[in-house]
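Quick notes on the structure that follows.
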Amino acid sequence: MDKVMSNKKVIALYVLPALLLIAVIIYVPLVLTAYYGLNAWNGIGSPRFIGLSNYRELIRDGLFWDSAWHSFLLAIFSTLSLILYLAVAMVLASRIKGANTFRKIYLIPMLLSSVAIAQLWLKVYHPTNGILNSFLETLGVKNPPSWLADSSLVLYALFVPILWQYAGFYILIYYAALKNIPTTLEEAAKIDGANALQIAWRIKLPLTMEVVKVTIVLAAVGSLKYFDLIYIMTGGGPNGASEVMASYMYRLAFRSYDFGYASAVGFFLLILSLAVTWIIRRLTASDDKIQYS
Amino acid sequence: MTSMSQTGRIGSGASKHSSGGVSGKIGYLILYVILLVVAGFQLFPLVWLFFFSLKNNQEIFNLPPLALPKQWRWENYVKVWEAGNIDIYFFNSVWITVVSTVLTVILGSLVTFAITRMRWKLSSLVLGMFMAAMMIPVHSTLIPLFSMFNRVGLIDHPLSLIISYVAFNMPITIMILLGFYYALPKEVEEASVIDGCSVHRMFFRIILPMTGSVLATTSIINMIYNWNEFIFVNTFISSDRLKTLTVGVQNFIGQYTTDWGAIGATLMISVLPILIAFLFLSDRIIEGIAAGSVKG
């Protein structure tokens, strides 16, 4: 039995194709990004080695730091919105009829392509015919803003479709975690006189902490990767007011053909993602294990 | 708020706070309204989309947004399908999605089988390598991938998409399959070995068919991702006849910025397949999404 199940040839045959694929398509490009970041290159000719110049320029690049700030803001919004999702999930998990249907409805936006979502919300935000401003006008608001054309509003406006897209996903995850809590704990607390809010805060929240930690990482790191919606809806505008790191990198590479510098940004993005993951894991790590007894 | 759960439960008569009655019902109602509001927010834009895809510009610009279309202008859909190359984009999306998914699922199954059922020292390390790949932002690989594909002449070729999709979907596919494979009983393998089965036969004829349900789940997740994928197509593909629905729709709308009915119809066409799939497969989709993320 052991001989059959540890046959090296078979193992290699089964594992290598996929392993080589991710090595070539995912890992090798990472190394290449790091390498290209040390070069000046327009993508067509040969790269010219310039050492750390790109990174030095990156540190001084105002546009880059603006985009980093915007990414950071979105990361904060994304993480804070988790509170909202958790609250909704708690409502959902408290023996409401039709919870399953609600769960499915919430998930629908997640199934749409970013193009569809972006184009749809472009229409929602349309200054004259969009459903948002039409609604505001019927409420009596005289001059509703041009949401996507106003530099001070655009980033916040962009966050709403993001919220819309991911709400169902996080609510689903939290709901599953909440459903895993044994009802006996809740019942015991009720008998002891706890009200729903106390139960939510002192029992449900701590027991879903592991899952919450995972979602914090997902939301924060995920927000660093926001690209599609922003690229399609505003292209980073107006005037870079909604540029994020990923879109800045894309613009540098495929509009300005500055592959070297863009790679430096791309590499920075990678390191940042890994660093944020690590930092959040460290900050939210706890040694005590909760027991259900 | 305090007594929602007390309807129909026996043992709570002993509790000290007020039971049942009006306050319980109001609390339940409030919660229900909250859920309804959220549901409304999630669905509202789509309902609006459906309506304006069936209107002409006159109605859209002059009448209230939520008014039902005076005439249900299905010709918007016909016009867009024929004039906009949407049929080509649709076809490309379908075949690229299917081919990528099939490849991913097969390769992923092979790997998951080897990692979970076969005995070798490096299995944890290799699993770790697959899982670590999930943390990599796609954008950090975009430029080198573009350059690599360019060098082998795969830019503007569907293979660049297929290869990329299979690679990037591998980690989540394996993750979804992992739980199922771990739970398979060992007796099946032991019986097969005793019967003189080779590993290949065991895998393809016995184990793989047993994974039918989780294969369905991971296939659906793969298909959703591939169908909706945008950035790779946008970066690697430039010929119109090779574009998938996502980029095709994006370009098409760029040309028709003022014809809202056409835009609406285009968007509806691009999302309908997934919505229909969701209608029939919602449970599997939920299972796949939950499996792929909570196990972290």
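The values are calculated or read from the model by the stated rules, or taken from the named source; none is laboratory data. The structure presented is a predicted model; accordingly, all values stated were derived computationally and were not measured. Cβ sites come from the backbone with ideal geometry, for glycine too, and all protein chains shown count toward neighbours. Surface areas here come from the heavy atoms of the whole protein model, side chains and all, with no ligands, DNA or RNA. Shrake-Rupley method; radii C 1.70, N 1.55, O 1.52, S 1.80 Å.
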Problem - For B:106-115, mean number of other protein chain Cβ atoms within 10 Å - result: 5
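Taking the Cβ-Cβ separation of A:Val24 and A:Ser152 as r and a Förster radius of 41 Å, what is the calculated FRET efficiency to the nearest 0.05? Mind showing how you got there, number by number?
Values: r = 45 Å, r/R0 = 1.09.
It comes out at approximately 0.35.
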Completion exercise
Taking the alpha-carbon centre of each part, the distance from the stretch B:121-168 to the stretch B:37-100 in Å is 34 Å
Completion exercise
Applied in sequence order to the stretch B:248-263, the curve 6.51 cos²θ - 1.76 cosθ + 1.60 (Karplus, θ = phi - 60°) yields integer Hz couplings, x standing for Gly and Pro, of x, 4, 4, 5, 4, 5, x, 8, 10, 3, 9, 9, 4, x, 5, 4
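Which value, to two decimals, describes the C-alpha radius of gyration of chain B once divided by 2.2 N^0.38 Å?
Details: Rg = 25.3 Å, N = 296, 2.2 N^0.38 = 19.1 Å.
Chain B yields a ratio of 1.32.
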Practice task
Find the centroid of the Cα atoms in the stretch A:53-71 and in the stretch B:182-211, then give the distance between the two in whole Å.
Solution key: 55 Å
Completion exercise
With R₀ set to 22 angstrom, the calculated FRET efficiency between the beta-carbons of B:Thr257 and B:Leu43, to the nearest 0.05, is 0.30
Completion exercise
Residue by residue through the stretch B:136-146, the couplings from Karplus 6.51 cos²θ - 1.76 cosθ + 1.60 with θ = phi - 60°, in Hz, x for Gly and Pro, are 7, x, 4, 5, 6, 9, 4, 5, x, 4, 4
Exercise for the section: Mind ranking A:35-48, B:163-176 by how tightly packed they are, going by the mean number of other C-beta atoms within 10 angstrom, highest first? Expected result: B:163-176, A:35-48
Practice task
Sequence neighbours fewer than 8 away in the same chain don't count; with that in mind, list the lysines whose C-alpha is under 26 Å from A:Lys3.
Solution key: B:Lys121, B:Lys186
Handout entry: In range of the label at A:Leu197: residues from the stretch B:32-48 whose backbone nitrogen is under 13 Å from the point 7 Å along Cα→Cβ
Key = none
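Nearest 500 deg cm²/dmol is fine: what mean residue ellipticity at 222 nm does chain A get from its DSSP H runs of n ≥ 4 alone, each adding -39,500 (n - 2.57), divided by its residue count?
-20500 deg cm²/dmol, from helical runs alone.
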Practice task
Return the value, in Å² to the nearest 100, of accessible area buried between chains B and A (probe 1.4 Å, both sides summed).
Solution key: 8800 Å²
Practice task
Compute the length gained on full extension between B:Ser238 and B:Phe91: take 0.36 nm times their separation in residues and subtract their Cα-Cα distance, giving the result in nm to one decimal.
Solution key: 51.3 nm
Fill in the blank from the handout: For A:Asn39, other-chain or 5+-apart residues with amide H closer than 5 Å (H placed, Pro excluded) are A:Ile50
Problem - Burial ranking of peptide ranges B:82-93, A:119-130 (average Cβ count within 10 Å, highest at the top) - result: A:119-130, B:82-93
Completion exercise
For peptide B:145-152, the mean count of other chain Cβ atoms within 10 Å per residue Cβ is 4
Problem - Test item: B:41-48 mean partner chain Cβ contacts at 10 Å - result: 6
Exercise for the section: Check the straight Cα-Cα distances from B:Lys70 and name the aspartates and glutamates below 15 Å, setting aside those fewer than 8 residues away within the same chain. Expected result: B:Glu59
Problem - Within a Gaussian network of chain B (alpha carbon springs, distance under 10 Å), most fluctuating of B:Tyr225, B:Tyr182, B:Tyr77 - result: B:Tyr182
Completion exercise
Quick calc: nm separation of the 7 Å Cα→Cβ label points for A:Val141 and B:Tyr182 -> 4.9 nm
Practice task
Per DSSP H run of at least 4 residues, take -39500 (n - 2.57); add these up for chain B, divide by its residues and hand me the 222 nm value, nearest 500 deg cm²/dmol.
Solution key: -23500 deg cm²/dmol
Exercise for the section: Could you order A:Leu218, B:Leu208 by accessible surface area, starting with the largest, using a probe radius of 1.4 Å? Expected result: A:Leu218, B:Leu208
Exercise for the section: Under 15 Å from the Cβ of A:Met90, count the other residues' Cβ atoms, weight Lys and Arg +1, Asp and Glu -1, and hand me the total. Expected result: +4
Problem - Label-to-label distance, nm, for residues given as B:Glu190 and B:Met210 (7 Å Cα→Cβ offset) - result: 1.2 nm
Exercise for the section: Please sort A:90-103, A:180-193 by packing, taking for each peptide the average over its residues of neighbouring beta carbons within 10 angstrom, highest first. Expected result: A:90-103, A:180-193
Exercise for the section: Just report the Cα centroid separation between the stretch A:19-35 and the stretch A:97-173, whole Å. Expected result: 36 Å
